[in-house]
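Notes to accompany the following structure.
The values are calculated or read from the model by the stated rules, or taken from the named source; none is laboratory data. In this text, all values refer to a predicted model and were calculated from it rather than measured experimentally. Positions of Cβ are backbone-derived with ideal geometry, glycine not excepted, and every protein chain shown enters the neighbour counts. With ligands, DNA and RNA removed, areas are computed over all heavy atoms of the protein, side chains included. Shrake-Rupley method; radii C 1.70, N 1.55, O 1.52, S 1.80 Å.
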Amino acid sequence: MELRQLHYFLKVAQKEHVTQAAEELHVAQSAVSRQIHQLEEELGVDLFMQKGRNLQLTAVGQLFCKRVEGILKDLDKAVGEVHEFLDPEHGEIRIGFPHSLGIHLIPSVVAAFRQRYPNVKFRFKQGMFPTLIRDVLSAEVDLAFISPFPEKHDQVDGDIVLTEELHAILPPNHPLAGEESIALEQLKDDKFVLFSKGYSLRPIVWHACLEAGFTPKIAFEGEETDTIRGLVAAGMGVSLLPEMALFQTNPLQPAHVAISHPKVTRTIGLIHRADDKLPLVAQSFRSFLLNYFGLQQNNTPSD
């Protein structure tokens, strides 16, 4: 069975006439008739029956036609995806990122990239650290921003694109709310509002408190940056958030103060599957991001 036979069959099924099908296919009528006959012989069934001057699909021909339509649509889609894979100015980039980067960083870099490549499409997927690793390995996404950057992982490769300081966020009426900076140990008697277990910021804050000489007392836990900020602003406790999470999105806002000691930071990395070739459009976006963050492109994705 040849692909050409399927195209000819589908065109005859649509036109219900061999001559009209041949005209649209720009081939001789005898060539279409011959291919349909060979296809019927191979399948061992009649796909068409004569009705007046037209051809109509038999019952089994109708079943076969539905399958052929699906096959040819999938094939066209596959060919289009291959072309997009090879075209750095078109196609789709699938990118994952944690929720905390969706407020400012992702919109900023995507908008800047689309100014240069307006025909590129994006598909976004948010997730926690283990989810993002899994999405990269399963090829659900081409690239992922992730925090903290996985320094040692055999199956992913990437670059640290940013190191960001965390600030203390305090209720507006907190005694330290007006300070320019504080030592983290000054919050040892306060209750903390932390991200739930599984979120990468939670162990960063926890270990920073231990380094400052105390174990944080947890008052509330949340799963989104806005929730943490809102609970702190409402006086439910204190917390630490990265700078990018301090952009105001509602009128009820906590105070935020720099931490002088210990320095609390998080790394943000851009990762991809190790030993796997990225689509050219994703390679183009990766190169753009490394330039955007001022990094030297010493490493390129493995072929």
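Tabulated results
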quantity	calculated
Residue in the range 107-116 that is within 15 Å of A245 (Cβ to Cβ), surrounded by fewer than 16 Cβ atoms within 10 Å (Cβ to Cβ) and not assigned by the TED database to the domain that holds I204 present	yes
Selected residue (criterion: most open to solvent (accessible area, probe 1.4 Å)) from residues of the range 159-188 that are within 30 Å of Q283 (Cα to Cα) and of a type in the set (D, E)	E165
Number of positions in the range 131-146 that are farther than 18 Å from I103 by Cα and either touching a strand residue (DSSP E or B) at 6+ places or on another chain (Cβ under 7 Å) or open to solvent by less than 70 Å² (accessible area, probe 1.4 Å) (or both)	11
Residue within the range 189-205 that is open to solvent by 80 Å² or more (accessible area, probe 1.4 Å) and part of a loop (DSSP other than H, G, I, E, B) present	yes
Qualifying positions in the range 260-273 - open to solvent by 10 Å² or more (accessible area, probe 1.4 Å) and within 21 Å of M128 (Cβ to Cβ)	T265, T267, R273
Residues of the range 215-229 satisfying the condition of being of a type in the set (G, A, S) and either on the phi > 0 side of the Ramachandran plot or in contact with a strand residue (DSSP E or B) (Cβ under 6 Å, 6 or more places away or on another chain) (or both)	A219
Condition check for F113: within 25 Å of the chain's Cα centre (by Cα) and of a type in the set (F, W, Y)	yes
The range 187-201 residues that are on the phi > 0 side of the Ramachandran plot, paired with ones that are open to solvent by 10 Å² or more (accessible area, probe 1.4 Å) and aliphatic (A, V, I, L, M) (beta carbon under 8 Å, 6 or more apart)	G198/M128
E151 being surrounded by fewer than 19 Cβ atoms within 10 Å (Cβ to Cβ), assigned by the TED database to the domain that holds D276, more than 17 Å from the chain's Cα centre (by Cα) and under 15 Å from G269 (Cα atoms)	yes
